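Heads up: the structure comes next, in structure tokens.
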Amino acid sequence: VTDAIHPGDNVLALRVTEHTLTSDHLDQMSSYADFPLGGIMRKVWLLNVPAAHIGSLELQTTFAPSLKNATIAGRVTVLNQSDRPLAAGTLKLMLTDPFGKVLKSAAYMAGVKMAPWERVDMPLSIHIDDARGWNAERPNLYTLAVELSDGGTVIQALAQKVGLRQTTVQGPALLINGRPVKIRGTCHHDSDPLLGRAVTPELTRRDLTLIKQANLNSLRTSHYPPIPELLDIADELGI
């Protein structure tokens, strides 16, 4: 839509057909939750990014054997989708603990130089002393701020909640951050008597709050993707 939109208000018109060759089959994917699929079930938004921008952020946590210190490792993908090189780029990462304290020991900065229309995958490794791990009883969440600058000017800034969690399997045991955990879960559908599958973040938070009140620590999503907010709410509540 880039070439079609203009400054100010724009109108996007849609025509939705309730019955198609496949819709009736999809409506009844769950015989106990038969909702018509006509309409828009998810939020729709347009995202504008700079020509040079962060394409993806991949993170993984590893704990030391003592379980006191942790390392966040991964990579940041930077894309330059322009005819101009990025000669003075800088990538800066800053980690804030669950109490809002900036961890100076977990700061990360690297130079970025990119030719026009180039992609760069930058590895990262952030060490954390006295790490507070994430689990269902204590869902500690850090905040990772990412800034991409060009010539000292910030051109893009992102923030991502991060739970320090290392999942391993030893024999029959599932270990979260080195400690065995028993999974007590339930299945979850995006469904509401009035809204069908067009659920809201507020309804999802209510569902997950009830799951926690029932002393459960996990859920199984269904055969379609849940609303994106479900993952963030589960991280926050400890599921």
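The values are calculated or read from the model by the stated rules, or taken from the named source; none is laboratory data. All values reported here derive from a predicted model rather than from experimental measurement. Glycine gets a Cβ as well: all are built from the backbone with ideal geometry, and neighbour counts include every protein chain shown. In case anyone asks, the SASA skips ligands and DNA or RNA and just uses the protein heavy atoms, side chains included. Shrake-Rupley method; radii C 1.70, N 1.55, O 1.52, S 1.80 Å.
So in the stretch 102-119, with the set limited to residues that are under 22 Å from the mean Cα position of the chain (by Cα) and loosely packed, with under 15 Cβ neighbours inside 10 Å, which one is farthest from Tyr142 (Cα to Cα)?
Arg119
How do the pairs read when you match residues in the stretch 157-181 that are on the phi > 0 side of the Ramachandran plot with residues anywhere that are among the charged types (D, E, K, R), using Cβ under 9 Å and keeping only pairs 6 or more apart or on different chains?
Asn177/Arg165
Checking the condition touching an Asp or Glu at 6+ places or on another chain (Cβ under 8 Å) and either within 26 Å of Gly55 (Cβ to Cβ) or without any contact (Cβ under 8 Å) to a residue 24 or more places away in the chain (or both), which residue from Leu91, Leu148, Leu95, Leu124 passes?
Testing whether each residue is touching an Asp or Glu at 6+ places or on another chain (Cβ under 8 Å) and either within 26 Å of Gly55 (Cβ to Cβ) or without any contact (Cβ under 8 Å) to a residue 24 or more places away in the chain (or both) leaves just Leu91.
Which number in (1) over 23 Å from Lys104 (Cα atoms); (2) open to solvent by less than 60 Å² (accessible area, probe 1.4 Å); (3) of a type in the set (S, T, N, Q) marks the one condition that Gln170 misses?
(2)
Test Leu141 against the stated conditions and say whether it is hydrophobic (A, V, I, L, M, F, W, C), in contact with a helix residue (DSSP H, G or I) (Cβ under 7 Å, 6 or more places away or on another chain), within 20 Å of Ser218 (Cβ to Cβ) and surrounded by 13 or more Cβ atoms within 10 Å (Cβ to Cβ).
In short, yes.
So in the stretch 69-90, with the set limited to residues that are open to solvent by less than 80 Å² (accessible area, probe 1.4 Å) and farther than 22 Å from Tyr108 by Cα, which one is nearest to the chain's Cα centre (by Cα)?
Only one residue fits best here, namely Ser82.
Is one or more of the residues making up the stretch 128-136 open to solvent by less than 30 Å² (accessible area, probe 1.4 Å), hydrophobic (A, V, I, L, M, F, W, C) and in contact with a Ser or Thr (Cβ under 8 Å, 6 or more places away or on another chain)?
Quick first cut of the stretch 128-136, residues open to solvent by less than 30 Å² (accessible area, probe 1.4 Å) only: 128, 131, 133-134, 136.
Pick out the ones that are also hydrophobic (A, V, I, L, M, F, W, C) and you get 128, 131, 134, 136.
Cutting the leftovers down to in contact with a Ser or Thr (Cβ under 8 Å, 6 or more places away or on another chain) gives us 128, 136.
Yes; the residues of the stretch 128-136 include at least one that is open to solvent by less than 30 Å² (accessible area, probe 1.4 Å), hydrophobic (A, V, I, L, M, F, W, C) and in contact with a Ser or Thr (Cβ under 8 Å, 6 or more places away or on another chain).
Considering only the stretch 39-55, state which residues are open to solvent by less than 50 Å² (accessible area, probe 1.4 Å) and either within 16 Å of the chain's Cα centre (by Cα) or among the aromatic types (Phe, Trp, Tyr) (or both).
Of everything in the stretch 39-55, those that are open to solvent by less than 50 Å² (accessible area, probe 1.4 Å) and either within 16 Å of the chain's Cα centre (by Cα) or among the aromatic types (Phe, Trp, Tyr) (or both) turn out to be Ile54, Gly55.
Before we move on, is Ser66 open to solvent by 20 Å² or more (accessible area, probe 1.4 Å), outside any strand (DSSP E or B) and farther than 24 Å from Lys113 by Cα? Explain how you work it out, then say what you get.
Details: open to solvent by 20 Å² or more (accessible area, probe 1.4 Å): yes; outside any strand (DSSP E or B): yes; farther than 24 Å from Lys113 by Cα: yes.
Here the answer is yes, as Ser66 does meet what is asked.
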